[in-house]
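**Student:** Got a structure for you, questions after.
The values are calculated or read from the model by the stated rules, or taken from the named source; none is laboratory data. As the structure is a computational prediction, the values presented were derived from the model and not from experiment. Cβ placement follows ideal geometry from the backbone for every residue including glycine, while neighbour counts extend to all protein chains displayed. Side chains are part of the model used for accessible areas, which takes the heavy atoms of the whole protein and leaves out ligands, DNA and RNA. Shrake-Rupley method; radii C 1.70, N 1.55, O 1.52, S 1.80 Å.
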Amino acid sequence: MAKFNHISFNGTAFGSYIERLPKIKKDELIKSGVLVGNNNIKNAFSSQTGTAYAEIPFFGNIGGKALNYDGKTDITAEKVMTSTQGVVVVGRSKAWIEDDFSVDITGGVDFMTNVANQVSTYWDEIDQLTLVSILEGIFKMTGTASAKFVENHTLDLTSPALISEDGRKSKAADISTDKINATTLNTAMQKACGSNKGAFSLAIMHSAIATNLENLNLLNYIKYTDASGIQRDLTIGTYNGKTVIIDDSFTFDGADKYTTYILGKGSFYFEDIGVEVPYAMTRDEKTNGGQTTLYTRQRKCFAPFGISYTKASQDSLSPTDEELAKGENWKLIGDDDANSETIDDKTIAIARIISKG
């Protein structure tokens, strides 16, 4: 029989089934408040085959010192920052020939459950790579305010600047080790956002860092009970009250340096833009005596709060992960723009810790 059950395949029903499946990592990003919807993005890309890049309005926060209301002091107004934010749709596609799943879909096991579970997990991982690629890119930004953001929102435990002449860690830096410990996260959040540090809710780290924290009894793993009632540990935990997602894909530079990203509530706008045909299946009767292929497609937008995508180095309508990781494609909103006020970087709950393993 055809492993992908080509004859009975219904793309719409298959897509609806996948949407009902738990997407563990993305669910945690949403639950922690890191990913939030944005109607301006949704409206800008409402045509599934239309716009791939847009500039949406970005409204700053009100502020300023309150005036004395005494009957003789004039009330003066301050302008609220209004600017635009460049956002881009990331399109991805993938296909599998039926033999890819032949081991899993045999012996009468339900086709929909097995394939849908694997496709759902696959796209969950792809979205994770996209998110981390964006994080890599924004921490390579240059420019006046953008470079200041990178400096203020980075705690580099391996930096020579933290080492005093006698070889010890600088007390001023409040750092006692080049590895993440019980106080590191709190220090990094305060360095990035000051009194706004409470906005942080989630960290993405390498398994080596997570293991070190686990050995220090600082990390606890979240349990997950599947449909069969089996409980297992996930690659998701909690550290200092923050959700931790463990990912080895992009957080190790190969020189015993690890990057841990810390994200806060509302630090990313997210919209699933959709495609005209997200799932399709075709039958090739000729090749290899006959084979069935499952095709999948998606278009999504991940837009970091307060940071604009510039499209300065992008070769097609959809950026690759490598292009998303380029610093020239990102800038702080209003940076080096005489007609726009620069956003206060302390309002952006995105930070990173560079440490040893």
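**Student:** Find how much the distance from Lys346 to Arg297 grows on full extension, using 0.36 nm per residue of separation minus their present alpha carbon separation; answer in nm with one decimal.
**Tutor:** Details: separation 49, 0.36 × 49 = 17.64 nm, distance 3.66 nm.
Length gained between Lys346 and Arg297: 14.0 nm.
**Student:** With each pseudo-label sitting 7 Å past Cα toward Cβ, what's the Asp284-Ile126 distance in nm, one decimal?
**Tutor:** Roughly 1.9 nm, to one decimal.
**Student:** Still on this model: For the residue pair Gln118 and Thr73, what label-to-label distance in nm results when each label sits 7 Å from Cα along the Cα-to-beta-carbon direction?
**Tutor:** With each label placed 7 Å out from Cα toward Cβ, I get 7.0 nm.
**Student:** Could you order His206, His153 so the one with the most accessible surface comes first? Probe is 1.4 Å.
**Tutor:** His206, His153
**Student:** Let me ask something else about it. Could you order Phe200, Phe9 by accessible surface area, starting with the largest, using a probe radius of 1.4 Å?
**Tutor:** Phe9, Phe200
**Student:** Order Arg352, Arg297, Arg20, most accessible first, counting only protein heavy atoms with a 1.4 angstrom probe. Present the calculation step by step, with values, prior to reporting the outcome.
**Tutor:** Working: Arg352 45, Arg297 95, Arg20 170 Å².
Result of the area sort, largest leading: Arg20, Arg297, Arg352.
**Student:** Just the accessible area for Ile30, please: 1.4 Å probe, Å², rounded to the nearest 10?
**Tutor:** Rounded to the nearest 10, that gives 80 Å².
**Student:** Same structure again: Provide the solvent-accessible area of Ser316, counting protein heavy atoms only and rolling a 1.4 Å probe, rounded to the nearest 10 Å².
**Tutor:** Surface accessible to solvent at Ser316 totals approximately 70 Å².
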